[in-house]
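Okay, structure first, notes after.
Bear in mind these aren't lab numbers, they're just calculated from the coordinates by the rules spelled out. Keep in mind it's a predicted model, so treat the numbers as computed, not measured.
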Amino acid sequence: MVQQLTIFDALPTVAFEVGDTVEVVDNVDESQIEDYYYLQDYVGLTGRIVKVIRGPVLQYEVEFPKRRNGIIYHEELRRG
């Protein structure tokens, strides 16, 4: 059986998978004050993806050595 999907049924492409090593980059507008200051604790750090969070916006839980885990948006990460 073939099922027709709408554009709303499509899942975003996951650029990172659990276990991938990533680096946090400063890719947030300073006008988003809460996001900006949250991210500053992680910018430049390398960590490992421990969970993919699919929702309206693609996010990841990232584990950092000797720091608490962070929830980081897809746009704020690059391969480490």
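Key figures for this structure:
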quantity: Region 25-74: projected area of the alpha-carbon convex hull, averaged over directions, in nm²; calculated: 3.5 nm²
quantity: Residue-wise HN-Hα coupling along region 39-52, computed from phi with Karplus coefficients 6.51, -1.76, 1.60 (Hz; x: Gly, Pro); calculated: 5, 4, 5, 10, 4, x, 7, 10, x, 10, 5, 10, 7, 9
quantity: Bins of 5 Å, starting at 0 and running to the largest distance - Cα pair percent for region 12-52; calculated: 5, 22, 21, 22, 20, 9, 0
